[in-house]
Amino acid sequence: MYVNSKKKACEEIGILSREYSLPAETTEEQLVDLVKQLNCDPEIDGILCQLPVPKHIDDETIINTIDPSKDVDAFHPVNVGKIMIGNYDFLPCTPAGVMELIKESGISIEGKQCVVVGRSNIVGKPQAMLLLHENGTVTVCHSRTKNLKEVCLSADILVVAIGRSEMITGDMIKEGAVVIDVGMNRGEDKKLRGDVKYDEAEKKAAAITPVPGGVGPMTIAMLMKNTITAAKKHKGLL
């Protein structure tokens with residue numbers, strides 16, 4: 001679904017998009033070679049590897065092979081380090097989309113209690129850093145967190161990216177909180193659901209994102225933004 005959305009967005013705004021759908025038996029060496037070819041291709045400004053990759057391929061090896069200047073997912077250690085110190089070229093697309101949603105909604109982060117549920121390298125960790133850069137007081141929760149309900153109830157801004165369908169219920173949300181649901185889970189009924197039980201949370205939250213239609217489209221938009229930034233840098237326009 002995401003791959004198709006990315007291709008459609010590229011087409012709509014006039015970005016060249018190439019898809020390499022490789023067979024599952026592709027070796028790590030073959031995938032590394034492809035990434036190296038794209039690193040040297042002047043037509044290509046952004047490279048991303050759709051995760052997860054098959055188990056016999058180390059995703060870290062693939063990510064580390066991508067030229068940091070073409071790493072429009074911002075997963076390469078060089079870009080991760082730049083995000084940590086606040087001097088970055090690209091931001092990971094989903095956390096960047098969350099920040100854009102908050103800002104465009106006129107919500108101030110400064111001084112707020114911010115809770116991030118999930119500590120993945122793709123969302124949770126960079127999300128915490130971005131909120132911290134905006135002077136939020138940040139708590140990161142994960143599978144070993146004790147008293148998760150109490151921690152969530154302290155949040156003025158709650159970002160949920162745990163990957164478990166409707167795990168966060170209405171009684172875990174403070175009245176008037178801002179709730180950002182990053183989760184996307186497909187149930188047995190084939191319907192998409194977030195990590196937050198929307199019907200319950202909506203009654204408590206001052207603002208809340210739906211699933212689908214909330215963070216997902218913002219992730220695509222931020223990918224387009226990163227690609228344009230990369231293209232401008234490669235052409236010496238930034």
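Read-outs throughout are calculated quantities, based only on the coordinates presented, and are distinct from any laboratory measurement. The structure displayed is predicted, hence computed values, not measured ones. Glycine also receives a Cβ, built like all others from the backbone with ideal geometry; neighbour counts cover every protein chain displayed.
Things worth noting here:
- Straight-line cross-link partners of K190 among the lysines, defined as a Cα under 28 Å from its Cα and at least 8 positions apart when in the same chain: K6, K7, K8, K55, K203, K204.
- Inverse mean reciprocal Cα-Cα distance (Kirkwood Rh) of segment 169-238, Å: 14.1
- Here the Karplus curve 6.51 cos²θ - 1.76 cosθ + 1.60, taken at θ = phi - 60°, turns the phi angles of segment 86-102 into couplings of x, 10, 10, 8, 10, 10, x, 5, 5, x, 5, x, 4, 4, 5, 4, 5 Hz, with x standing for Gly and Pro.
- The modelled label-to-label distance between N135 and K235, using points 7 Å beyond Cα along the C-beta direction, is 3.7 nm.
- Under the criterion of Cα pairs below 8 Å and six or more residues apart, the relative contact order for the chain equals 17 percent.
- Averaging 1/r across all pairs of distinct Cα atoms in segment 85-209 and inverting the result yields a Kirkwood radius of 14.5 Å.
- Rh by Kirkwood over Cα pairs, then Stokes-Einstein D for the chain at 1.306 mPa s and 10 °C, µm²/s: 84
- Based on alpha carbons, the Rg and Dmax found for segment 2-71 are 12.5, 36 Å.
- Förster radius 22 Å - calculated FRET efficiency between I85 and S17, Cβ distance, rounded to 0.05: 0.10
- The mean sequence separation of alpha-carbon pairs under 8 Å and at least six residues apart, normalised by the residue count of segment 95-213, gives a relative contact order of 21 percent.
- In this rough spin-label picture, where each label sits 7 Å from Cα along the Cβ direction, the N185-K55 distance is 2.3 nm.
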